[in-house]
Every structure is written in C-alpha cells, then in structure tokens.
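The values are calculated or read from the model by the stated rules, or taken from the named source; none is laboratory data. Because the structure is predicted, anything quoted here is derived from the model rather than measured. Here the Cβ positions follow ideal geometry from the backbone for every residue, glycine too, while neighbour counts run over all protein chains shown. Just the protein is used for accessible areas: all its heavy atoms, side chains included, with ligands, DNA and RNA removed. Shrake-Rupley method; radii C 1.70, N 1.55, O 1.52, S 1.80 Å.
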Amino acid sequence: MPPSDDVVLRVENLVKHFPVKGRIPFVSGGVVKAVDGVSFDLRRGETLGVVGESGCGKSTLARMLVGLEQPTSGAVRFGKSVVHQAKGRELRALRRRIQIVLQDPYTSLNPRRTIREILLQPFEIHPDVLDRRRRVERIKELLDLVGLDASLHLDRYPHQFSGGQRQRIGIARALALNPDVIVCDEPVSALDVSVQAQVVNLLERLQDELGVAYVFIAHDLSVVRHISDRVAVMYLGKLVETGPEIDLYDSPRHPYTSALLSAVPVPDPAGRRQRQRILLAGDPPSPVNPPSGCRFRTRCWQATDTCATTEPPLATGAHPVACHYPLAA
Amino acid sequence: MSLLEIDDLRVAFPSPNGPVNAVNGVSLEVDSGRTLAILGESGSGKSVTAQAVMGILDVPPATVSGSVRLQGRELLNLPRKQRERISGEEIGMVFQDAMAALNPVFTIGHQIMEVLRVRRGMSRADARRRAIELVDRVRIPAARDRLRDYPHQFSGGMRQRIMIALAISLEPDLLIADEPTTALDVTVQAQVMELLAEIQRDSGMGLLLITHDLGVVAEVADEVAVMYAGRIVERGTVEQIFAGPAHPYTEGLLASMPRVDRRDEQLYAIPGAPPNPARLPTGCPFHLRCPRATDECLVTLPPLHALPADRASACHHHEEVLGATQR
C-alpha cells in the first residue's frame, strides 16, 4: 500500500539488533534487540509522542528515523524515498526534510563555533536552498522565530547561553531548512521545570505556524500528553499500544500503559490517599534475552500460560493494543 | 523542639569574581515522623542546604554560618571528629547517583557490614545477619546471595535500594534524600518512593527530601519549603501550597507543569531562566521573571512574611497572590 497523501513518514516493521561481544573471543554473545519490529505512520503536521522507560529502544528508533543508524531490517519511507536506501542527491534531499533535536543542549552544539556559524552550517551543506547573500537574514529570522534576539546573540558561543536558550538554538538549527518532520529525542528533559514549559510552548507554536510534524520521544508522560496528538507506548523494542492522546491516557488498554500512567506522580496532594497505584515488580528485563511470548508478561499481573508462548500482535485500528487480555476501554 | 532546626543558614563559595552566595539565610524545621520537601530548580541552593546539614561541604573553601541543631545540639561548631560521628550515626543520606555513592570495588555486603562493624562494633557474623535483614528490608530478592554482588551488578533501582539500606543501617533519626528518584524510570521511582515512605512510617524518622519534582512533592511531603536563589520563598503544608500558593514563583511553577491526568490547552511559562547565584538581581531575586513585580520589588528584598495558618511567603504582594490563587 503506498503511503497516502497526508502521511509524511511511514515506518514499516523497523528492526535494529546490536551484536554483543561474548565472553569467548569469536563466539557471538547474542544480540540486543533494541528495536524489534516497530511500525507507524506520521501524518503531516501532527505530533506523535513515543513513551517508554530507559532501554526500551526509543532513542535508537529516533536515530533510525533520521538515518543516523542503519536498521537491521524494515524501512522508513518518506514520500517515494526509503531513508536507508537513498544515496547522493536523494539522500541530501531527505536530510533536509527530516531533522532532529537532541536531549542535551550542552553537547549537541559545537562549543567552538558562534551561533552564526552553527546556524549557517545547514546552508553550507545544502547551498542550493538559499542564495548566499540572503542567509544571514534567514538565520536572524530563525532566531526571532525561536524567541532569541539576533542582535544580541548571533556572535556568542554556546557556553554563553542557558540550557533553555541552547535548546532554542538547537530548534532553530533543525528548522533552518524547512523540514517536514522533526524528531525530538527528549528535548526538554535536561531543562528546569520553569524553562521546560517555554520550550514546549515554542514547539507547539512552531507547529501551528509552520505545519511541521513531530515525533516527540520522551520518558515524561505528562509532557507527552500535553504535546501529542497520538501516542505510542514502547516496551523492550516493541510498540505495545498506540492511540489518540485522550483515549490512551484516559482509557489505557495495555496493562503496561496502565501501570506506567498510574506510577506518574500527580501534583495534587488532596487526591493522594485515594489514588490507586499499580506497583510493577522489578525492572524491565534485558533486551538481550527478552521473555518469550509477550515481553511484558514477567511484570504483568494478569499473565497466563498463553502469554508465555504466543506473542500478541499489535492489532490495527485507531487504538490498537498488543495484549491477549486488553483492559476494557 | 523539632528534630532538626536550621536557623539563618548561609553558605558561600569563593570564586575569582567574588563570593557566590549559594544559601542566603535559610531557616526551617523537620519533625520526627514528618517529611519536609525542599523544592527548587538548579542553582536554588537546595542541595547545598542539605550538604551543610550533612556536614559534607569542604570548609574551607566554603564558608558556612548560622545554626543547624539536631535534637537541640548545635552541629556547626562541633569539632570535626564529633561532627562526623553524628553525621554518620544520626543522619542517613541517600543521593541521586547511587553508582557514584557506592564503592565499585567492594561487594555491597562488605560495604554494609563495614558500617556496622566500625560504628556498632559488631562481630562479623552479627554484621552479616544484620546486613541480610537490611537488604531484605529494602525488598531486594535473595538478600543472602546478593551480598556477594558488586554495585555494577544491580539495576539503577536496586542500587538506590542498597543506598537506602546503608542509610538506615544505623537507625538514624533523620534521613536526608537528595533527588533520590531523579535518575530512575517512573515505574521504579514509584517503587522507591513507596519504600522510603514505608520505612519512614515504621521507624518514625524525620525525612528531608530535596527535589525539583512537583509531582514527587505532592505524593510524599507533609511540609514544603520552596527555594529560589538561595532563599526560602514560600513555606507551608503540602495542601496549602498546592491548593493556593502564596508566592508568584510557586504559582508559576504549578501553572507550568503539564499533568498526566488531564490536558491543558496552554502551559503557563515563567519567562527567563533561574538567576546565576554569582550575579543575583537587586531587590527580590524573582522580580525579573515575575508578572506581579512592582517598583518596590526592584529595590527591596522581601522578608519571609509569616501568614495565617502557619505558612510564610517572601513576596511583597503575598496578599494579592493568595487572593488570586485561593478558590
């Protein structure tokens, strides 16, 4: 099935396995199944939130979406192109359309370059986008767009900015070439609470103005709820549930989603005595040797023998869930 | 008399550009069996306050003044040996980064037993028995076997439990937890907070919890002190603070936090960034970011006003804020 018109990015059964060095030389130690069959569509101008705990594969997914990591199998399709098969001119065109914003604004900007140099770089790599004489004007526009003052900031170095300002610079860089998709990998988790809201609001405003689609990857379920139109929950390399924000948060169908949501602290002390909390036992298992059948069964309170033998597929539809015994919606 | 009483605590660090005043006159109390949360962002002085209480600041170069009393006994002017004994035996500490707080080259059994043997003079066998009890107490399965494991063999959540086991090994009266769950996943965070609350209930310790996370505060704290630029800007019970903050900073923080249980259309964003403690603005340190700031705020540092119902706010306009936030 060819991607329909409003789908900008189609992810098909994406897999990434990393080999593990074994104890014995020349004998494989197995593979880490970081991402193990993930599929979704990203529509034009929407925000898809991806949530999951550390080690679930969400950052590896982000890196594959922008072509920083070669998948073991599967495909990321953008229009007629396949991200990991594209070469030469086609690949350069793709890189313009899909950009990334990283978590740590302290390490994702080159400390030895001024903001002017950092923001001009995309145009040097893609010189055909904009005439040389118009570039400085464009980067001033970009700074203005993300709420920084070009006259003050253009010739400063990254260390002269606060964390929130640096993240704005990272966003300006991602926007420079007018992408259709920005993959945001934990874009606000290194920021102070008071600054986090500024960056979230900025991302929302930019989407309204520019129509860019986001894949918003984060471990903070509250932030993801706020910004996303649809949400995908990841566990040990697989999507276990996807759906519109309101359905997934207000009536989760996968036991893991339900437990994850109930573990999030709510800033409302009045309700804390009444709140029902599902306390999951233990930590997520190792992705080197994931449990047979359903990967969540070792921490699931309603697992049966079926769960150990048969892997539940992620059904199709508006709010699919990969569980043999989904909770009542 | 409260378990812990801090009075006008001030901590400064020297720097090439003059002293950096990290803590500027903090006063607070923690009672036995109660949890006081110090809530603040990076640079607010919350961790330095905790470190001054624990006695783990390097003095000099840091300078510490004011008063810290544990069960009525002044800690700040004690000779070093005595101070270390009290910090070790009567105050338990849990830090954010368990991998850095535990010694990587000794088994966890060795580390727990060492504390018991040195401080309590226990025999090897008694110390081992007690270590097993402690590891079991923090809900680590197969406690007896796991004493032989090294810190790197545990997951993040498990290491945090081991640090809690170490912190409570000498049955302290006060437990100080500095961002104990910040590095953990939410499902594991919920387990660890539950464990801390349960241990506190059983032992009647006082808990001083340092955190930036409003959600964690709402879940576990009895009282809250909000810190900004080295000062307490608001103090009250957790219900008071969340139901109707009396300081614009707290008001802004609450409005800027997205919630998992509902969707807000637009988040309020506090403009600007927290100030650099080396270059604090004049007057109220929050005035540059405050929607309620007036000329008075630019020049006069507001004192911590005592308000009805035993709460306090360091805002010139606290009545106006309370009027707006209380429904």
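A plus B alone minus the pair: what accessible area, both sides summed, probe 1.4 Å, in Å² to 100? Provide the component values of the computation, followed by the final result.
Values: alone 16650 and 15860 Å², together 28880 Å².
Summing both sides, the interface buries roughly 3600 Å².
Taking B:PRO104, B:PRO79, B:PRO303 as the candidate residues, the one with maximal mean-square fluctuation in a Gaussian network model of chain B, Cα springs under 10 Å, is B:PRO79. With pairing defined as another cysteine C-beta under 4.7 Å, the cysteines of chain A that fail it are A:CYS56, A:CYS184, A:CYS300, A:CYS323. When you work out D = kT/(6 pi eta Rh) for the protein assembly as shown at 10 °C and 1.306 mPa s, using the Kirkwood radius from C-alpha pairs as Rh and the Stokes-Einstein form, the result is 59 µm²/s. When shorter helices are ignored and each DSSP H run of at least 4 residues is given -39500 (n - 2.57), the per-residue value for chain B at 222 nm works out to -10500 deg cm²/dmol. The distance between label points at A:GLU209 and B:GLU114 comes to 5.7 nm (points 7 Å beyond Cα on the Cα→Cβ vector). Can you compute log10 of I(q)/I(0) for region A:88-205 with the Debye formula, treating each Cα as one identical point scatterer, at q = 0.12, 0.15, 0.20 Å⁻¹? Each listed q corresponds, in turn, to -0.40, -0.64, -1.14.
Considering region A:38-110, its Cα convex hull presents a mean projected area of 6.2 nm².
Average 1/r across all pairs of distinct alpha carbons in region B:132-258, invert it, and you get the Kirkwood radius: 16.1 Å. Straight-line cross-link partners of A:LYS58 among the lysines, defined as a Cα under 24 Å from its Cα and at least 8 positions apart when in the same chain: A:LYS16, A:LYS21, A:LYS33, A:LYS238. Summary value for chain B: 21 percent relative contact order, contacts being C-alpha pairs under 8 angstrom separated by 6+ residues. Averaging the Cα positions of each part gives two centres, and for region B:58-78 and region B:145-160 these lie 34 Å apart. Rounded to the nearest whole angstrom, the semi-axes of the ellipsoid equivalent to region A:7-228, taken from the Cα gyration tensor as √(5λ), stand at 30, 20, 18, largest first. Here the dipole of region B:170-272 is about 400 debye; that uses its Cα centre as origin and unit charges on the Cβ of Lys and Arg (positive) and Asp and Glu (negative). On full extension, the segment bounded by A:ILE278 and A:SER251 gains 8.2 nm, given 0.36 nm per residue less the C-alpha separation. Extent of chain B along its three principal axes (Cα atoms, max minus min coordinate, largest first): 68, 49, 39 Å. Across region A:252-329, the volume of the C-alpha convex hull divided among the residues equals 125 Å³ per residue.
GNM remark for chain A: springs join alpha carbons under 10 Å apart, and the peak mean-square fluctuation among A:LEU42, A:LEU119, A:LEU206 falls on A:LEU206.
Using only alpha carbon pairs under 8 Å that are at least six residues apart, calculate the relative contact order of region A:7-228 and give it in whole percent. Write out the running numbers ahead of the final one.
On the way: 387 pairs, mean separation 58.3, N = 222.
The value is 26 percent.
Once you have a ≥ b ≥ c as the square roots of the Cα gyration tensor eigenvalues for region B:1-84, tell me rounded if a/c is under 1.5, and otherwise prolate or oblate according to whether a/b is larger than b/c. Since a/c reaches 1.5 but b/c is at least a/b, the shape of region B:1-84 is classed as oblate. Name the residue from B:LEU280, B:ALA324, B:MET93 whose Cα lies farthest towards the positive end of the charge dipole of the protein assembly as shown, charges +1 on Cβ of Lys and Arg and -1 on Cβ of Asp and Glu. It is B:MET93, whose Cα lies furthest towards the positive end.
Calculated mean residue ellipticity, 222 nm, chain A: -9000 deg cm²/dmol, from DSSP H runs (n ≥ 4) at -39500 (n - 2.57) each, averaged per residue and rounded to 500.
Centroid-to-centroid, using Cα positions, region B:251-327 and region A:251-275 are 29 Å apart. Contact order, relative form, for region B:1-147: 21 percent (alpha carbon pairs under 8 Å, 6 or more residues apart, mean separation divided by residue count).
Mind checking the log10 I(q)/I(0) for region B:162-215 at q = 0.20 Å⁻¹? Debye, one equal scatterer per Cα, no solvent, two decimals. Result of the Debye calculation: -0.72. Could you tell me how far the Cα centroid of region A:30-73 sits from the Cα centroid of region B:225-246, in Å? Taking the Cα centre of region A:30-73 as reference, the centre of region B:225-246 is 40 Å away.
Between beta-carbons, use under 11 Å as the cut-off and find the net charge around B:GLN266, counting Lys and Arg +1, Asp and Glu -1. Kindly include the intermediate steps, with their values, before the conclusion.
Working: positive: A:ARG205, B:ARG263; negative: A:GLU204, B:ASP264, B:GLU265.
Net charge around B:GLN266: -1.
First check a/c for region A:139-212, with a ≥ b ≥ c the square roots of the eigenvalues of its C-alpha gyration tensor; if it is under 1.5, answer rounded, and if not, answer prolate when a/b is larger than b/c or oblate otherwise. Note, shape of region A:139-212 comes out oblate. Comparing A:ALA315, B:ALA125, B:GLN266 along the charge dipole axis of the protein assembly as shown, the residue lying farthest to the positive side is B:ALA125, per the Cβ-charge model.
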